[in-house]
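The values are calculated or read from the model by the stated rules, or taken from the named source; none is laboratory data. Owing to the predicted nature of the structure, the values given are computational and were not obtained by experimental measurement. Every residue, glycine among them, receives a Cβ derived from its backbone with ideal geometry; neighbour counts consider all protein chains shown. Ligands, DNA and RNA are excluded from the accessible area calculation, which covers all protein heavy atoms including side chains. Shrake-Rupley method; radii C 1.70, N 1.55, O 1.52, S 1.80 Å.
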Amino acid sequence: MTASHLPYTRNGLKFFTKKGGLTSPEVEEICDKAAYKYANRLAKVSTTLLTPTRVDFMSTYANHLRDIIKKRVNHPLHYDTPLENFQIIVNAGNGSAGFFTWDVLDKLGADTFGSLHLSPDGMFPNHIPNPEDKTAMALTRAAVLQNSADLGIVFDTDVDRSGVVDNEGNPINGDKLIALMAAIVLREHPGTTIVTDARTSIALARFINSRGGHHCLYRVGYRNVIDKGVQLNKDGIEAHLMMETSGHGALKENYFLDDGAYMVVKIIIEMVRMKLEGSDEGIGSLIKDLEEPLESIELRMNVLSEPRHAKARAMETIETFRSYVEEGRIQGWVLDSCGDCWVSEGCLVDSNDTPAAIDAHMYRSKVSDDEHGEYGWVHLRQSIHNPNIAVNMQSTVPGGCLSMARVLRDKFLKASGMDAILDITQIE
């Protein structure tokens with residue numbers, strides 16, 4: 001049971017089977033069946049209370065992570081404490097990640113002085129526990145620099161996402177975290193496919209390709225990205241890493257689980273390995289050649305309707321956007337096919353024999369003009385949890401995002417009449 005980084009009023013359940021986590025459509029099916037049985041009084045409610053059995057999962061899990069680090073580092077001088085002489089700062093954000101400090105790092109010999117917000121507090125008094133949160137990253141960066149630490153770690157509430165700060169204070173999240181994990185995984189599995197969501201930059205694709213990897217750009221949503229990796233492996237295409245820009249990531253070697261602690265374990269092992277090989281550079285040196293988009297922005301357009309109609313209105317808007325781009329009504333805008341691994345129609349439809357269910361409608365359009373050629377992209381996505389549409393943009397030229405926003409407003413939203421059912425204040 002988790003609210004992740006959402007407010008304490010937004011608790012929810014995650015369901016798992018032996019095959020992994022359930023998708024949003026599968027969870028909706030469970031809820032629909034439960035609601036139907038309740039409405040028709042088909043299910044009897046037991047009033048008998050069973051005595052629960054207490055199982056110490058966390059100690060077992062922490063021991064598992066420690067064993068992985070010890071075995072893979074295989075330190076020649078102190079096998080059981082391979083993190084001696086390393087200072088690692090953890091920012092748990094008052095979530096559940098404190099265990100990683102005292103049950104993993106401390107017991108492996110690391111100095112964790114300077115770690116932040118380790119005590120769980122569901123009201124999150126200091127900042128949102130989220131590796132995308134600017135305050136979380138800024139506080140961690142300051143702690144790393146103040147203590148001359150080797151690494152800073154930021155976890156989200158339930159530790160399925162993470163981000164890091166290198167020894168020079170550089171925040172590594174989003175595309176940078178994907179690039180860092182890709183560099184590590186491609187060294188271990190040359191030529192593997194890296195699956196990401198459709199908000200990653202053109203430069204990240206070049207980074208992956210330059211190291212001999214293949215980039216599968218897929219639908220936004222961490223379950224979509226992970227499930228795509230599972231499917232590719234079943235179809236004989238080796239995919240060892242699946243990551244979303246939010247920090248959700250899964251590895252084939254870790255049973256395709258979105259596990260932020262395991263991601264950090266991989267980074268720590270690489271950091272120690274570099275030091276044992278005589279390198280004085282921090283973990284950030286692995287991505288020093290990653291280019292960054294000049295501009296990147298996310299906007300939200302609220303759907304102006306009754307909540308029960310919001311989802312349908314958002315879908316209507318997204319599909320109208322697709323039609324406008326396909327019909328050439330927006331000059332220089334073309335739907336992005338998102339790579340060559342059986343994805344078509346702009347991140348929406350799998351064209352293989354077993355297409356995945358659609359949990360949210362979305363499209364990405366490449367944007368070009370005569371002066372700059374292809375200089376950016378626009379991605380529209382229906383929110384799963386809230387009555388709004390997310391608009392992501394990236395540009396490689398100054399003022400590109402502003403230009404694309406104006407075109408989106410004038411050539412699509414106003415021209416199609418969609419401005420009547422959407423709050424386009426942020427676009428304005």
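Data for the structure
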{"quantity": "Boolean, residue 67 is at pLDDT 95 or above and part of a helix (DSSP H, G or I)", "calculated": "yes"}
{"quantity": "Residue count, the range 23-43 (criterion: hydrophobic (A, V, I, L, M, F, W, C) and in contact (Cβ under 8 Å) with a residue 12 or more places away in the chain)", "calculated": "2"}
{"quantity": "Residue count, the range 138-157 (criterion: touching a Pro at 6+ places or on another chain (Cβ under 9 Å) and either open to solvent by 10 Å² or more (accessible area, probe 1.4 Å) or among the hydroxyl-bearing types (Ser, Thr, Tyr) (or both))", "calculated": "4"}
{"quantity": "Tally of residues being in a helix (DSSP H, G or I), of a type outside the set (Lys, Arg) and either surrounded by fewer than 20 Cβ atoms within 10 Å (Cβ to Cβ) or free of Cβ contacts under 8 Å to residues at least 40 places away in the same chain (or both) across the range 285-309", "calculated": "3"}
{"quantity": "Residue in the range 310-321 that is farthest from residue 133 (Cα to Cα), counting only those that are of a type outside the set (A, V, I, L, M, F, W, C) and open to solvent by 60 Å² or more (accessible area, probe 1.4 Å)", "calculated": "316"}
{"quantity": "Residue list for the range 357-413, restricted to those being of a type in the set (Gly, Ala, Ser), open to solvent by 10 Å² or more (accessible area, probe 1.4 Å) and either more than 30 Å from residue 7 (Cβ to Cβ) or touching a Lys or Arg at 6+ places or on another chain (Cβ under 6 Å) (or both)", "calculated": "368, 373, 399, 403"}
{"quantity": "Odd one out for residue 336, checked against (1) at pLDDT below 90; (2) open to solvent by 60 Å² or more (accessible area, probe 1.4 Å)", "calculated": "(2)"}
{"quantity": "Tally of residues being in a helix (DSSP H, G or I) and more than 17 Å from residue 384 (Cα to Cα) across the range 10-27", "calculated": "0"}
{"quantity": "Set 167, 147, 173, 224: member being within 20 Å of residue 359 (Cβ to Cβ) and in contact with an Asp or Glu (Cβ under 9 Å, 6 or more places away or on another chain)", "calculated": "224"}
{"quantity": "Residue in the range 49-62 that is open to solvent by 80 Å² or more (accessible area, probe 1.4 Å), among the hydrophobic types (A, V, I, L, M, F, W, C) and modelled with pLDDT under 75 present", "calculated": "yes"}
{"quantity": "Subset of the range 230-250 (residues that are touching a helix residue (DSSP H, G or I) at 6+ places or on another chain (Cβ under 7 Å) and open to solvent by less than 10 Å² (accessible area, probe 1.4 Å))", "calculated": "239, 241, 242, 243, 247, 249, 250"}
{"quantity": "Check on residue 115, of a type in the set (Ser, Thr, Tyr), in contact (Cβ under 8 Å) with a residue 40 or more places away in the chain, open to solvent by less than 90 Å² (accessible area, probe 1.4 Å) and within 20 Å of residue 162 (Cα to Cα)", "calculated": "no"}
{"quantity": "Filter result (under 25 Å from the mean Cα position of the chain (by Cα) and not hydroxyl-bearing (Ser, Thr, Tyr)) within the range 292-308", "calculated": "292, 293, 294, 295, 297, 298, 299, 300, 301, 302, 303"}
{"quantity": "Answer residue from the range 74-112, given it is farther than 20 Å from residue 164 by Cβ and of a type in the set (Ser, Thr, Tyr) and is most open to solvent (accessible area, probe 1.4 Å) among those", "calculated": "79"}
{"quantity": "Residue selected from the range 175-207 under the condition in contact with a His (Cβ under 7 Å, 6 or more places away or on another chain) and part of a helix (DSSP H, G or I), by the criterion surrounded by the most Cβ atoms within 10 Å (Cβ to Cβ)", "calculated": "185"}
{"quantity": "Count - residues of the range 158-174 that are under 19 Å from residue 201 (Cα atoms) and open to solvent by less than 10 Å² (accessible area, probe 1.4 Å)", "calculated": "2"}
